[in-house]
Amino acid sequence: EAKSLLDRAAARIRVDPELYRLCETRLAELRSRAAARESEDLVFGPIRAHLAALPDTREGWRRAIDLLVEGLARCRESWEGWRLKGEYHEKLCEYDEALAAYGEACRFNPRLATARYARGRILMDVRRRLEEALAEFRAAEAAEPDNEYALLGQARVAIIRVPRPVKV
C-alpha cells in the first residue's frame, strides 16, 4: 500500500530519488521479515504448544531444549527460539550454552533487549566479567531506551564497582 501511494506521488510531484529508494528498501525488508515470521510460526507454533505442556523440572527443561534444537534446525533465524533456548540452558546452570544461545538471539534480532540483559546478568553474576556485562547492558539500553532492566544492570555494575570499606 505504501509503495502504491509513493508511485502515485512520484507521478504527480518530484520525489527525492534517494528517499524513494530508501522506502523501497525498507518495504522489501518488511516483506522479507513477514515471510520469515510466517515460516517461523509454522515451525515454532507446535513447539510452543509442547513447551507449555512440559513440567517445570530439570527433565522438562532438557526436553524443551531438545524441542528447540529441532525447531532451530528447521528455522535457524528464529531469534525467539534462540532466546528460549538460552532461558532453558540458564535454568540448567549451563551458562556457556545460555550465553551462546542469547548471543544468537541478539545476532538475529539486534534490538532484543531481554537477551542482552540476560547475557549481561550471566556475565556479571556468574562469570564476574563486569566490563562485558556493562557492554551488554548498554547495548540493551541502546536497543530499547529506558529499558528498566538495562538500567538496573548498569546500576548493579556501578554498585559492585564501589570500593568496600576496609575493616580495621
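The values are calculated or read from the model by the stated rules, or taken from the named source; none is laboratory data. For clarity, every value in this text was computed on a predicted model and none was experimentally measured. Don't worry about glycine lacking a Cβ; one is built from the backbone with ideal geometry, like all the others, and counts go over all protein chains shown. To get the accessible areas, we keep the full protein, side chains included, count just its heavy atoms, and leave off ligands, DNA and RNA. Shrake-Rupley method; radii C 1.70, N 1.55, O 1.52, S 1.80 Å.
Given R₀ = 22 Å, what would the calculated FRET efficiency be for Val69 paired with Glu38, taking r from the Cβ atoms and rounding to 0.05?
Values: r = 22 Å, r/R0 = 0.99.
Computed FRET efficiency for Val69 and Glu38 comes out at 0.50.
With the simple spin-label model, which puts each label point 7 Å out from Cα in the Cβ direction, the Tyr20 to Ala53 separation comes to 5.4 nm. Considering only alpha-carbon pairs that sit under 8 angstrom and 6 or more positions apart, the relative contact order computed for the chain is 12 percent. Largest first, the residues Cys106, Cys93 sort by 1.4 Å accessible area into Cys93, Cys106. Overall, the ratio between the Cα radius of gyration of the chain and 2.2 N^0.38 Å, rounded to two decimals, is 1.37.
In terms of Cα atoms, the Rg and Dmax of segment 93-168 work out to 13.2, 52 Å. Whole-Hz Karplus values for segment 97-110 come out as 5, 5, 4, 5, 5, 4, x, 5, 4, 5, 5, 7, 9, x Hz, taken residue by residue from phi with 6.51 cos²θ - 1.76 cosθ + 1.60 and θ = phi - 60°; glycine and proline positions read x. By the rule of a C-alpha distance below 27 Å, with chain neighbours fewer than 8 residues away ignored, no lysines are paired with Lys3.
From largest accessible area down, sort Arg62, Arg31; use a 1.4 Å probe on the protein chains. Present the calculation step by step, with values, prior to reporting the outcome.
Working: Arg62 90, Arg31 140 Å².
Putting Arg62, Arg31 in descending order of accessible area: Arg31, Arg62.
If the cut-off is a Cα-Cα distance under 16 Å, which aspartates and glutamates reach Lys85, setting aside same-chain residues fewer than 8 apart in sequence? List returned: Glu40, Asp56, Glu59, Asp66, Glu70, Glu77, Glu94, Asp96, Glu97, Glu104. With a simple spin-label model that places each label point 7 Å from the Cα along the Cα-to-Cβ direction, the separation between Val126 and Ser4 comes to 5.0 nm. Computed over the chain, the per-residue total of -39500 (n - 2.57) for DSSP H runs of n ≥ 4 gives a 222 nm mean residue ellipticity of -26500 deg cm²/dmol, rounded to 500.
What does the charge dipole of the chain about its Cα centre add up to, to the nearest 20 debye, if the Cβ of each Lys and Arg holds +1 and the Cβ of each Asp and Glu holds -1? Don't skip to the end; give the middle numbers.
Working: 31 positive and 29 negative charges, 87 e Å.
Roughly 420 debye for the chain.
Calculate the length of the line joining the C-alpha centroid of segment 28-90 to that of segment 141-168, in whole Å. Segment 28-90 and segment 141-168 have Cα centres spaced 31 Å from each other.
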